[in-house]
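The values are calculated or read from the model by the stated rules, or taken from the named source; none is laboratory data. This is a predicted model, so every value here is computed, not measured. Counting neighbours? That spans all protein chains shown, and the Cβs are built from the backbone with ideal geometry, glycine included.
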Amino acid sequence: MGTVEYIQHHLTNNTLALNAEAQEAIDKGQMTFWALNLDTIAISFLIGALIVFVAARLGKQLETGKPGGFQNFVESILDFVSTNVRDAFPGHNALIAPLALTIFLWVWLMNFMDLIPVDLLPMLFQVITGNEHAHLKVVPTTDLNTTLAMSFTVFALILFYNVKIKGVWGFTKMFLFHPFGKFLIPVNIVMTLIEEVSKPLSLALRLFGNMFAGELVFLLIALIGGTLAVGAAALFWAPLQVLLDLGWLIFHLLVITLQAFIFMVLTIVYLGMAHEDDAEMGH
Amino acid sequence: MNNDYEHKKVVKNTTQEVPSPAANFLLISAGSIFTSMLIAGFIVGYMLDHIFDTTPIFFLSCAVLGFIGGIQKVHALTKRLDHIPSKNEQETKND
């Protein structure tokens with residue numbers, strides 16, 4: 001397998017076509033609507049289930065006197081999220097803190113899949129299925145479908161609270177008179193429409209772009225040992241790969257945390273703006 | 001009428017002097033906000049063209065609007081930096 005095929009193989013989803021037309025498009029290597037990325041769905045679902053399982057288990061064993069190490073750790077995450085919600089969210093809404101916590105944990109864990117050696121899970125999957133060409137893309141956030149699905153969910157909540165808090169007329173007023181006043185209504189409508197559409201776009205593209213680029217760098221580093229380490233040359237290339245991998249891993253640990261944090265904070269900020277009457281926050 | 005408008009503007013600016021700290025996180029993503037505005041402009045323009053069958057008028061004009069809006073937003077975001085008092089300033093104010 002050449003270097004290009006290696007990278008393409010790792011960046012291709014395990015896709016299930018829902019009709020013959022979709023199957024045809026997948027065979028040609030194109031993206032199509034009527035297809036499910038099974039690996040993305042399965043891995044993100046398993047990570048979500050893990051969060052629910054651990055939370056339910058911990059919930060039964062909560063101690064008030066001397067909490068254990070893990071409870072302390074989880075409490076510190078809860079405290080971190082609730083501080084951010086208090087800072088960023090102007091009103092009171094019981095949905096926001098649990099939503100922010102879910103987003104933070106889920107996105108962080110999905111991003112964390114990037115730190116598992118790039119060949120480990122795909123190889124295991126190929127051994128289990130007995131198909132040496134089977135695709136498995138292990139990081140759900142390197143799939144644009146995941147990040148867009150999350151950002152569209154947040155966007156739906158933004159629209160819902162905009163209408164609920166500001167009222168239908170208040171929301172319409174935002175489209176009519178913002179940002180250039182009452183004399184440029186047609187421009188205002190288009191401008192506000194662009195502004196609103198850019199919110200989920202920037203949320204999704206930022207996370208996807210960072211994670212995709214990170215995954216690509218891991219693949220390139222993996223290629224150092226994979227293609228160049230032949231015979232005695234391995235003595236030079238293999239340690240270099242380990243060193244580079246370690247460096248990028250440490251740096252990427254910061255990136256995945258920062259991306260999960262930004263996704264969470266921006267969700268809170270956008271929902272906060274939706275809760276404000278006549279929001280004028282410069283964004 | 002004009003004076004009335006000016007007055008409102010001043011009042012608005014003074015209320016913006018102390019922004020909520022969390023909104024400053026938007027500053028981290030000023031770059032991607034600008035890019036998204038441009039892309040969103042293209043998308044909205046494409047959709048409007050599709051509806052009114054006017055390709056490429058809305059496609060191009062909305063891209064220009066997205067570009068202008070993006071610059072406006074990044075400008076508004078970076079302007080916030082001037083409004084955030086540093087720790088030293090806050091301490092001297094308290095003294």
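A few notes on this one:
- Pick from segment A:155-184, criterion within 14 Å of another protein chain (Cβ to nearest Cβ) and assigned to a helix (DSSP H, G or I), ranking: nearest to A:Asn37 (Cα to Cα): A:Phe155
- Residue in segment A:196-217 that is aliphatic (A, V, I, L, M), more than 13 Å from chain B (Cβ to nearest Cβ) and surrounded by 19 or more Cβ atoms within 10 Å (Cβ to Cβ) present: yes
Here is a yes/no grid of residues against (1) of a type in the set (D, E, K, R); (2) under 17 Å from A:Leu109 (Cα atoms):
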residue: A:Asp39; (1), (2): yes, yes
residue: A:Ile47; (1), (2): no, yes
residue: A:Val52; (1), (2): no, yes
residue: A:Ala56; (1), (2): no, no
residue: A:Gln61; (1), (2): no, no
residue: A:Gly69; (1), (2): no, no
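- A:Leu109 being under 30 Å from A:Thr12 (Cβ atoms) and at pLDDT below 95: no
- Lone unmet requirement of (1) modelled with pLDDT under 65; (2) assigned to a helix (DSSP H, G or I) for B:Gly45: (1)
- Members of segment B:37-49 found to be without any contact (Cβ under 8 Å) to a residue 24 or more places away in the chain, facing chain A (nearest Cβ under 7 Å) and buried (at least 24 other Cβ atoms within 10 Å of the Cβ), listed by number: B:Val44
- For the condition within 24 Å of A:Leu124 (Cβ to Cβ) and surrounded by 12 or more Cβ atoms within 10 Å (Cβ to Cβ), A:Thr12 qualifies.
- In summary, helices (runs of 4 or more DSSP H) completely within segment A:50-129 and bearing 1 or more residues that are in contact with a Gly (Cβ under 8 Å, 6 or more places away or on another chain) occur at A:69-88, A:96-112.
- Yes/no for A:Gly48 being surrounded by 11 or more Cβ atoms within 10 Å (Cβ to Cβ), touching a helix residue (DSSP H, G or I) at 6+ places or on another chain (Cβ under 9 Å) and of a type outside the set (S, T, N, Q): yes
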